[in-house]
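*Asks:* This structure is in structure tokens; I'll ask about it shortly.
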Amino acid sequence: MVAGVNQPARVQPVQPAAATTPATASSPAAVRVWRATSSTAVTVLDGLSPACAPFAAWWDTEAGRRRKLRTPEHQAVLADARQVRALAGVAVAQARSQCKTAREASANPLAARRRAARLAAKTAKGRRRAARAEVRAARVAYPAALYQRALQAHAAHVVPTSGVSAASWLSSQDWTTVWPASLSAGLLGLHAGALYLGRRHAAVAPAAPEESVSVEERQLLDRLHPEYWTAHAAGRGLAGTLTTPPTLGPGGIRCEVRLDGTWTVKALAAKADSIRALLGARTALRLRITGGARGGWAVLTLATRHATDGVSAAWTSARIPADPTAMSVGVDTETGEEVLVPFDERMLISGASGAGKSWSTRPLMATAHLRGDLVFLDGKGEEATLWDGVCRVAVTAAEINLVIDEVHAEMTRRAAVLKRRTLSRWDGPQLTVLIDEGQVVLAQVRRDKGRLQRLVELSSLGRSRGVVLWWATQCPVTDGAAPGVDEMIAPNLLTRFSLRVASST
């Protein structure tokens, strides 16, 4: 190397340490993050798409209507109408000039020249009004394209000073503080985003594996999709309703329905036949419409399957809830969960002969017997045979009268105990009184006004004293020659457990 001459330095490239090498785009961690992010984004878009679908559907419908009207014939009519309007405007200007000349020539307002000028001006203005009306009608027949109207509206946002810059109250401030450009850009982006989301096809993702979805369920899922519903709902008288992407669970298909305008859950339920026709659902398929978690929404459920399939319906003491204030009346076929009601609630159980009323009350009776004391009054007698020796049973008229008197006496005794102990509610074991075939028992008791009054007091006063009345009957009516329940007892039986009955009245 020659001294004094600067030689370029040789730079040895530095190899990054393996421990500090950043994760590449193809590393497992980056892939997991990407998949999670994309999955979240798709879920959010799927949730927003149904809300924007009505706007996109309206936009497409209106754009199509305008496109059909924009024919060469309508365009020619509009051009002719504009030409006639322009000529009418020229005629009005000439008439005004003639009026001005006539006024300068004569100060007499009744002069023939001035009167003729005024008549000509009036005629010209009338023709201009007619020409303007023709232009308006032609514009309706040949409307501007919808995207042109949207661009004009957004252009008006971008140039707010076109109409307000001359206002004196804006003279001392920048117009961008009144209508910033960022707001105009945001409106434009919101418009475009709403159209994209409304036209987006949200994927129907059933909760069950694809291979387990039946052909019927696949058809129902497709027809409940917001895109299909929006396109066909109006034809079935369901315009103003919109579904969300349906889900398939253990209890069948579940879908939320948005209710716009004057729609209510009750009105939608009245349209059940129209919904069934729109979906092409079987007549025997159970379709249920209930209220949603918030106002303006309903829940549509199709029982294509049951959550209780493969689950034993045999009752055991293990089905008694751990909560001593609740008892189970059965299993929900949609969720598979136990249906719980308050244990100390007075109950009206109804069901026609053969509907399973006695079988359905056995778990309730077993719960009452294991938790406290049970008294069974059976107007028919067959079911009492199974419970004889398990609890207090009354079948004949004499036995029923005696038990009613004894239970009423026990209720009176407990009232005295509560008063002596200065308590407001009974804290001991519950005494449950079940009256089966209530119409038979009531027919026997109604002849004795005093004993009927004791029954009424059991229903109205017994709950706070630990005496709870359950009334079972085939026909839960309070009027007629053979009522199923007394009109003074029925209002106190707040929990209603109904099976199949002969009629709604």
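*Asks:* Roughly how many debye, to the nearest 20, is the charge dipole of the range 216-302 about its Cα centre, given +1 on each Lys and Arg Cβ, -1 on each Asp and Glu Cβ, and no other charges?
*Replies:* Numbers: 12 positive and 7 negative charges, 54 e Å.
That gives a dipole near 260 debye.
*Asks:* Over all alpha-carbon pairs of the range 372-458, lay out the pair-distance distribution in 5 Å bins, whole %, shortest bin first.
*Replies:* The calculated distribution, bin by bin, is 3, 13, 24, 22, 16, 12, 7, 3, 0.
*Asks:* Next question, about the same structure. In the range 52-156, if the dipole is taken from +1 on Lys/Arg beta carbons and -1 on Asp/Glu beta carbons about the Cα centre, which of GLN148, PHE55, PRO109 is farthest to the positive end?
*Replies:* Most positive-ward Cα: PRO109.
*Asks:* Shifting gears a bit: Can you list the aspartates and glutamates whose alpha carbon sits under 19 Å from that of LYS271, skipping same-chain ones fewer than 8 residues off?
*Replies:* Partners within reach: GLU256, ASP260.
*Asks:* Turning to a different aspect of this structure: Using mean Cβ contacts within 10 Å as the protection proxy, how do 229-242, 317-330 order, highest first?
*Replies:* Values: 229-242: 16.6, 317-330: 13.6.
Ranking the peptides 229-242, 317-330 by packing returns 229-242, 317-330.
*Asks:* Using Cβ contacts closer than 10 Å as the measure, can you line up GLU383, GLU399 from fewest to most? Write down the numbers at each step before the final one.
*Replies:* Values: GLU383 22, GLU399 15.
Lowest count first: GLU399, GLU383.
*Asks:* Greater than 19 Å separation of Cα atoms is the criterion. Which listed pairs, LYS357/LYS449; LYS266/LYS357; LYS100/LYS122, meet it?
*Replies:* Numbers: LYS357/LYS449 29 Å; LYS266/LYS357 29 Å; LYS100/LYS122 14 Å.
Checking Cα-Cα distances, LYS357/LYS449; LYS266/LYS357 exceed 19 Å.
*Asks:* Find the percent of Cα-Cα distances in the range 317-498 that exceed 25 Å, and round it to a whole number. Provide the component values of the computation, followed by the final result.
*Replies:* On the way: 5026 of 16471 pairs.
When all Cα pairs of the range 317-498 are counted, 31 percent exceed 25 Å.
*Asks:* Could you order peptides 342-351, 408-417 by the average number of other Cβ atoms within 10 Å of their residues, highest first? Let's see the in-between values first.
*Replies:* Details: 342-351: 20.5, 408-417: 15.4.
Per-residue mean Cβ counts within 10 Å order the peptides as 342-351, 408-417.
*Asks:* Give me TYR228, TYR142 ranked fewest to most by other Cβ atoms within 10 Å of their Cβ, as a rough exposure proxy. Walk me through the numbers on the way to the answer.
*Replies:* Values: TYR228 15, TYR142 20.
In increasing order of surrounding Cβ atoms, one gets TYR228, TYR142.
Here, each number is a calculation from the coordinates, and none is a lab measurement. Owing to the predicted nature of the structure, the values given are computational and were not obtained by experimental measurement. Counting neighbours? That spans all protein chains shown, and the Cβs are built from the backbone with ideal geometry, glycine included.
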